[in-house]
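**Student:** Can you keep this structure in mind? I'll have questions shortly.
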Amino acid sequence: MIYDYYASLGNQKSCPKQINESGLCSGFVDGCTVWACQKKDEKDEARKCYIERAKVKTLQIPTFLKFKPDFAHLPDPSWIGIEVKFTLNRAWHSKDDRPFHVLDNPVRKDRVFGVPFMSAASWKGLLRWSCRMTAKPSLKDNLDNWNDPAWIVHLFGNEKGETETFNRGALVFYPTWFNKVGFEVINPHDRERRAGTQPIYYEVVPAESVGLLQLLYAPSPNETTQLGISRSEILNNLVDAIKDLLEEYGVSAKRTVGWGSAKIENWKWFNGKGQFNGDTVAQFKEEMDKQVGSGGSQ
């Protein structure tokens, strides 16, 4: 019996045929990757082995860990939880930072659980950009010499390097987890022969997968009053930016070819008074204005 994990990988006699309890973070993935490096002829076999088994696997974070935020019991009545349920129209991809993988373009996964996810930092960067487009759509191709208006700084904070008037931002972001992986193939063609050269595999989250964007709006006391900004205006701009990001711009790598576009299924709002569900942006904004108006603009 071999007790050294890496020595056991090196002594493999075939590509592994079963996904073990580690899912797609080690074990099976490492076995396929090592087998692909054994011989040149084994690379395609290892890729097919991985693809065939990974695409039918359901992946999930253990429920007892309770990674989902509890917006139903917010500690401050001025805080607001927002949940947006969406369904992908096209495949979603964000390249994993794992350096050793049987595929050239694995999708980003949690290192412990092997579950594909979009990080909180990615949501923050994309949504900030979408808010900028809401503020001034003509900026789409050029953000040089642009200064964020007060409502964007209020939501997202200052850019890196700010020291004098630092603001961390009133929004807290959470990752989005997906439970399936799929595969797309891009096959570059030779211009003279007009034939494929070498197919490039992309591991993706497939279309029709459901995701959940979760945000917590937690402003400092009286912050919007001091800035002279209406909370209603801020939140309406935020909702517009979320809709545009998901349904128009997309949230994936290769957004320019349509990857990562989605359809919003449902909006949820949580505050100290309870929660509200809205199927459309208009319904959601109407109820949001009522709630913010009844609670003042602080």
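**Student:** Can you give the FRET efficiency for GLN60 and GLU248, using 1/(1 + (r/R0)^6), R0 = 45 Å, r = Cβ-Cβ distance, to the nearest 0.05?
**Tutor:** 0.90
**Student:** So how far apart, in nm, are the two label points at ALA72 and PHE166 if each is 7 Å from Cα heading toward Cβ?
**Tutor:** 3.7
**Student:** Here's something else I'd like to know. Specify the residue with the greatest mean-square fluctuation among ILE234, ILE200, ILE19, computed from a Gaussian network of the chain linking alpha-carbon atoms under 10 Å apart.
**Tutor:** ILE200
**Student:** Still on this structure: Once you charge only the Cβ atoms, +1 for Lys and Arg and -1 for Asp and Glu, what is the size of the charge dipole of region 1-53 about its Cα centre, to the nearest 20 debye?
**Tutor:** My answer is approximately 160 debye.
**Student:** What does the charge count around LYS57 come to, taking other residues whose C-beta lies under 14 Å from its C-beta (Lys +1, Arg +1, Asp -1, Glu -1)?
**Tutor:** +2
**Student:** Under the 0.36 nm per residue contour assumption, what length would be gained going from the current alpha-carbon distance of TRP129 and GLN38 to full extension?
**Tutor:** 28.3 nm
**Student:** Arrange the following residues from fewest to most other Cβ atoms within 10 Å of their Cβ: GLU184, GLU83.
**Tutor:** GLU184, GLU83
**Student:** Could you give the longest part of the chain that holds none of the chymotrypsin sites (Phe, Trp or Tyr not before Pro) found in DSSP loops with at most 16 neighbouring Cβ atoms within 10 Å?
**Tutor:** 167-298
**Student:** Between ASP76, ASP41, ASP110, find the one with the highest GNM mean-square fluctuation for the chain; connect C-alpha pairs within less than 10 Å.
**Tutor:** ASP41
Since every read-out is calculated from the coordinates, none of them should be taken as a lab result. Small disclaimer: the values here were computed from a predicted structure and weren't measured. So basically every Cβ, Gly included, is an ideal-geometry build from the backbone, and we count neighbours across all protein chains shown.
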